[in-house]
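Down below is the structure, laid out as structure tokens.
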Amino acid sequence: MKAALVTDLEKVSIQQVDRPVIKDDEVLIKVKTVGVCGSDLHLFRGTHAFRKPPAILGHEVAGDVVEIGKNVKTVKIGDRVTVEPQFGCGVCEYCKQGLVNLCSTKVVPGTAKWIGVFVEYFNAPEVTIHKLNDEVSYKMGTMIEPLAVAVRALRKSTVQEKDCLVILGSGTIGLLTLVVAKQMGYKHVVCTDTAEFNREMALKHGATLAINPLESDVVEAVKKLTNGRGADLALIAAGANNIVDQATACVRKRGEIGIIAMITEKIPFYSYQIVINELTMYGAMTYETKDFKEAADMINNGLDLMDFITQTMDLEHTQEGLDVLSQKKEHVVKVMIEI
């Protein structure tokens, strides 16, 4: 079967690989659509923490079940599905709490233990399968995974007030976080991004303000909107050098800062704001299964994210898709690959 692999720095190759042979507790999926994620860019650029070329791309997927293992009970051939792209050991302290995302031996696609999803056929354990309603397109099914990241980022916050949220960075995850925040009842959401197209998308989907941080004072705008109080929560979905300090300055006393972005470079951070205002900071690592299910329920219940799918191309053009996202050659939020 065909597969798209990163074979070198910013180099993608379409190659023939073996079709997966499923285990007794697995299903085989004929892949229909896959999404290009920011973590795929880390692999593409050679900055991923543990995935190194050659490696098959991807973990956002939707398709049809074409084969099931003999022990599979809840999934049948013909089911339209997406996959939660992680499974843990099941016995560590984190797995026992449902925190498979923190399992130190969890298995994820595109590694030696599990093939990536930029393939014609993908195997997955039954426990990772989430079914799609008949009226849900494969593209929308593929969007469940990044939507789950946004759900997790907001569900981790313990702030009760929902008067004002600041999202620093309005790429795919930032914009999906905006959508989830509006679903959860946040009154005002302030989004930032240097790209005009992304700011326009934010306003279209309910942002109160969409600010270019290179041209306007984000903190001043947030303070003005909140009558000097500050936001209840700020979420960091980009990696600018000053972004943590910007977040701490935006929130009110006893507010919270959540970090979603995988910032791999060291950046300066002024901790005084944390202490003087008794702020809380947390990280949000992918999602728990309950977050993924919540995202799947949103999509199955009719949430439409088609606006965010800005490019669609076939597997042979995977290199082009990654180039578009990496270099921002076009107005881009989510690149979708049809298999």
222 nm mean residue ellipticity, helices alone, for the chain (DSSP H n ≥ 4; -39,500 (n - 2.57); rounded to 500): -7500 deg cm²/dmol
For a Förster distance of 35 Å, can you work out the FRET efficiency between the beta-carbons of LYS2 and ASP25, rounded to the nearest 0.05? 0.85
Please list, in chain and number order, the residues 5+ apart from ASP79 or on another chain whose amide H is under 5 Å from its amide H, with Hs placed from the backbone. VAL65
Under 5 Å between amide H atoms, partner at least 5 residues away or on a different chain: which partners does HIS188 have, H built in plane at 1.01 Å? CYS164, LEU165
Would you work out the relative contact order for segment 1-81, in percent, from Cα pairs under 8 angstrom that are 6 or more residues apart? 35 percent
Can you pull the semi-axes for segment 1-61, root of five times each eigenvalue of the Cα gyration tensor, sorted largest first, whole Å? 22, 13, 11
What's the extension gain from THR312 to LYS182 if we count 0.36 nm per residue and subtract their Cα-Cα distance? 44.1 nm
Whole-Hz couplings from phi, Karplus 6.51/-1.76/1.60, listed for segment 219-230; x for Gly and Pro: 4, 4, 5, 5, 4, 5, 5, 9, 6, x, 6, x
Using alpha carbon centroids, what distance separates segment 317-331 and segment 147-226, in Å? 25 Å
Å³ per residue enclosed by the Cα convex hull of segment 188-239: 77 Å³
To the nearest 20 Debye, how big is the dipole of the chain about its Cα centre, given +1 on the beta carbon of each Lys and Arg and -1 on that of each Asp and Glu? 740 debye
Could you state the number of Å between the C-alpha centres of segment 103-131 and segment 2-39? 10 Å
Please tell me the relative contact order of segment 126-224 in percent, rounded to the nearest whole number, where contacts are Cα pairs under 8 Å and at least six residues apart. 21 percent
What fraction of the DSSP beta bridges in the chain is antiparallel, stated in percent and rounded to the nearest 5? 55 percent
Computed lengthening from ILE77 to ALA195, 0.36 nm per intervening residue step minus Cα-Cα distance: 38.1 nm
For segment 119-133, take each phi angle, set θ = phi - 60°, evaluate the Karplus expression 6.51 cos²θ - 1.76 cosθ + 1.60, and give the result in whole Hz per residue in order, putting x for glycine and proline. 9, 7, 9, 9, 9, 8, x, 3, 5, 9, 7, 10, 7, 9, 5
Taking amide H atoms as placed 1.01 Å from N in the peptide plane, list the residues 5 or more away in sequence, or in a different chain, whose amide H sits under 5 Å from that of MET281. ILE257
Using a 10 Å cut-off on Cβ atoms, rank the peptides 320-333, 165-178 from the highest mean neighbour count down. 165-178, 320-333
Global form of segment 103-186, assessed from the alpha-carbon gyration tensor, a/c cut-off 1.5: prolate
By average C-beta atoms within 10 angstrom, highest first, the peptides 101-112, 251-262: 251-262, 101-112
Net charge within 14 Å of GLY302 by Cβ-Cβ distance, Lys/Arg positive one each and Asp/Glu negative one each, not counting GLY302 itself? -4
Dimensionless Rg/Rh of segment 113-267, both radii on Cα and Rh by Kirkwood, sits at 1.03
Starting from the Cα of HIS331, step 7 Å along the direction of its Cβ; do the same at MET262; then give the gap between the two resulting points in nm. 2.8 nm
Probe 1.4 Å, all chains present, heavy atoms only: CYS92 accessible area in Å², nearest 10, is 30 Å²
Given q = 0.14, 0.20, 0.22 Å⁻¹, what are the Debye log10 I(q)/I(0) values for segment 54-136, with equal point scatterers placed on the Cα positions and solvent ignored? -0.52, -0.99, -1.11
Output the 0 to 90 degree angle, nearest 10, between the alpha-carbon long axis of helix 289-300 and the longest principal axis computed from the alpha carbons of the chain. 90 degrees
Okay, which of segment 60-78 sit inside 19 Å, backbone N to the point 7 Å along the Cα-Cβ direction of ASP134? 63-66, 75-78
Relative contact order, percent, the chain [alpha-carbon distance under 8 Å, six or more residues apart]: 18 percent
With θ set to phi - 60°, apply the Karplus curve 6.51 cos²θ - 1.76 cosθ + 1.60 along segment 67-84 and write out the HN-Hα couplings as whole Hz, x wherever there is a Gly or Pro. 7, 10, x, 5, 9, 6, 10, 9, 10, 10, 4, x, 4, 8, 9, 10, 10, 6
Between GLN16 and THR208, the FRET efficiency computed from the C-beta separation at R0 = 56 Å comes out, to the nearest 0.05, as 0.65
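The values are calculated or read from the model by the stated rules, or taken from the named source; none is laboratory data. Everything numeric here is computed off the predicted structure, so don't read it as measured data. Please note: Cβ atoms are built from the backbone with ideal geometry, for glycine as well, and neighbour counts cover all protein chains shown. Just the protein is used for accessible areas: all its heavy atoms, side chains included, with ligands, DNA and RNA removed. Shrake-Rupley method; radii C 1.70, N 1.55, O 1.52, S 1.80 Å.
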